[in-house]
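This report refers to the structure that appears directly beneath it.
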Amino acid sequence: MTDYTGFNRLLRDRSPAMLRTAFLFTGDHYLAEDLLQAALTKTYLRWGNLRDERAGEAYVRKVMASVYTRWYRRKWNAEYPTLDLPERGALDPYPASDDRIVVSELLRSLSRRQRAVVVLRFFEDLSEKDVADMLGISVGTVKSTTAAALAKLRASTSSERPPLRPGGREEVGNA
Amino acid sequence: MTDDRDEERLRRGLQGLAADGSASPLDTRTLREDVRRRAHRVQAGRRIAGGLGVVVALAAAGLWFLAEQPQVAESPINPANSSSSTPAGTVTSSATPSATASPSPSAVVPTPVNTRPSTLRVSLRVTSGQPSPEGGSFVAKWEVTWSGGSAPVYQVLIEEPGPVVRTSTEIGARCDGPVGPGSAHGELLFDSPGPHEIIAVVRAKDCANRVDRQTDTDIWTWSQPTQSP
């Protein structure tokens, strides 16, 4: 009989953190919850074979990355209808300078695997080797993906529009 | 240096985005219930799939057995109704007529295909026939006789190695008909004088569809047929 006490504790204490990772993968709150739920379900089914809660959390993240990079295309590629428009939030008055927007644009431009590499490497702070193990790719691929992502980020930063001058007004339309 | 700054910016951006994403609180109790329900559904699905796998395997084994059934039934039939040994009438089979042949001196030794004992005995005799009116061909006159067995003979095949069926003669006996000796004969046309290997296959079948199959082989070479007085 498998004891699920540790699993319940993991779910209660670590779910919010894991949901943040799932959100960075999918870019959508509902899809993130679905991804987390799928990963937790797989972990629940394998819980008897996992050593402890830390191994359990690592397993959840690994499954999330795997499900996201392999299943995502098949399962969630359709349009996602919603009644509410995504909330942008109150961002910096100089939009291009807001890191969130730049990084959000960057993530959107990456493939799923590249996106997973970036999130695991720079949000989860995993080593290149751990990222490679988790995604089942080589360390070289992780390095090249990271370098490419940083290059894109640099390119998008250099092409940013100049910020508005304080008190100034942007001219739009025909003169 | 640039990389470090870019990395730092990437980290800041990811942190900010993650904070946006977790703005709405996560109901862990609901999540736990959902996970448990989903896991039980998966487990039930696996159990059903396992059960279906067993059913499919059994069905496949059954189909294989049924497919193999005629082959298995090629083994001799239990001599259940061997007591009814009413003589069956001689069957005349019509094969393609043609040229000449010589009486083969080859011995007619029944060659049972099955290792299991069968009471059905088959004998093939091939002789040379008169040349066909078209000429240029070699006619083999064959005669198959059989006796014994426990079911009525329903088919006689004349084959060449390959096997190539040269002629098939349906006896038309009912499965519950009389069991007894019988014969069939006909002619075959060959392009060369031979020697030719000719195989007679005799099949008997009872009402339970159990088939008894016995063969006899003859090696025949054409020779000028002797004129009968």
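The values are calculated or read from the model by the stated rules, or taken from the named source; none is laboratory data. Quick caveat: nothing in here was measured; it's all calculated off a predicted structure. Virtual Cβ from ideal backbone geometry, glycine too; neighbours counted across all protein chains shown.
Any residue that is within 14 Å of another protein chain (Cβ to nearest Cβ) and modelled with pLDDT under 60 - is there at least one of those in the range A:96-114? Spell out the reasoning first.
Initially, the range A:96-114 is screened for residues within 14 Å of another protein chain (Cβ to nearest Cβ), giving A:96-110, A:114.
So of that shortlist, the ones also modelled with pLDDT under 60 come out as A:96-97.
There is at least one residue in the range A:96-114 that is within 14 Å of another protein chain (Cβ to nearest Cβ) and modelled with pLDDT under 60.
Looking only at the range B:124-131, decide whether some residue is under 16 Å from residue B:198 (Cα atoms), over 32 Å from the mean Cα position of the chain (by Cα), part of a loop (DSSP other than H, G, I, E, B) and at pLDDT 70 or above. Spell out the reasoning first.
Residues of the range B:124-131 under 16 Å from residue B:198 (Cα atoms): B:124-129.
Okay, now just the ones that are also over 32 Å from the mean Cα position of the chain (by Cα), so B:128-129.
Within this subset, residues satisfying the condition of being part of a loop (DSSP other than H, G, I, E, B) are B:129.
Now drop any that are not at pLDDT 70 or above, which leaves B:129.
Taking every residue of the range B:124-131 in turn, at least one turns out to be under 16 Å from residue B:198 (Cα atoms), over 32 Å from the mean Cα position of the chain (by Cα), part of a loop (DSSP other than H, G, I, E, B) and at pLDDT 70 or above.
Run residue A:22 past the list (1) closer than 28 Å to residue B:15 by Cβ; (2) in contact with a Gly (Cβ under 9 Å, 6 or more places away or on another chain); (3) surrounded by fewer than 17 Cβ atoms within 10 Å (Cβ to Cβ) and report the number of the one that doesn't hold.
(3)
For the range A:97-135, name all the residues that are out of contact with any Pro (no Cβ under 8 Å at 6 or more places or on another chain), in contact (Cβ under 8 Å) with a residue 60 or more places away in the chain and either more than 25 Å from residue A:60 (Cβ to Cβ) or surrounded by fewer than 15 Cβ atoms within 10 Å (Cβ to Cβ) (or both).
Within the range A:97-135, A:108 is the sole residue that qualifies.
Could you list all residues from the range B:23-39 that are at the interface with chain A (Cβ under 7 Å from one of its Cβ atoms) and modelled with pLDDT under 85?
Listed by number, the residues that qualify are B:24, B:26, B:28.
Pick from B:4, B:20: which is more than 9 Å from chain A (Cβ to nearest Cβ), closer than 24 Å to residue A:115 by Cβ and either in a helix (DSSP H, G or I) or not aliphatic (A, V, I, L, M) (or both)? Break it down stepwise before answering.
Details: B:20 fails: more than 9 Å from chain A (Cβ to nearest Cβ).
Step by step, each of B:4, B:20 is checked, and only B:4 is more than 9 Å from chain A (Cβ to nearest Cβ), closer than 24 Å to residue A:115 by Cβ and either in a helix (DSSP H, G or I) or not aliphatic (A, V, I, L, M) (or both).
Kindly indicate whether any position in the range B:169-177 is surrounded by 14 or more Cβ atoms within 10 Å (Cβ to Cβ) and either part of a strand (DSSP E or B) or modelled with pLDDT of 85 or more (or both).
Of the residues in the range B:169-177, the ones surrounded by 14 or more Cβ atoms within 10 Å (Cβ to Cβ) are B:169, B:171, B:173, B:175, B:177.
Next cut, either part of a strand (DSSP E or B) or modelled with pLDDT of 85 or more (or both) only: B:169.
The answer is yes, given that some residue of the range B:169-177 is surrounded by 14 or more Cβ atoms within 10 Å (Cβ to Cβ) and either part of a strand (DSSP E or B) or modelled with pLDDT of 85 or more (or both).
Across the range A:11-32, what is the number of residues that are more than 7 Å from chain B (Cβ to nearest Cβ) and touching a Phe, Trp or Tyr at 6+ places or on another chain (Cβ under 9 Å)? Talk me through it step by step, then tell me what you get.
Looking only at the range A:11-32, we keep the residues that are more than 7 Å from chain B (Cβ to nearest Cβ), and these are A:13-14, A:17-18, A:21-22, A:25-28, A:30-31.
Now restrict to residues that are touching a Phe, Trp or Tyr at 6+ places or on another chain (Cβ under 9 Å): A:21-22, A:25-26, A:28, A:30-31.
The number of residues fulfilling the criteria is 7.
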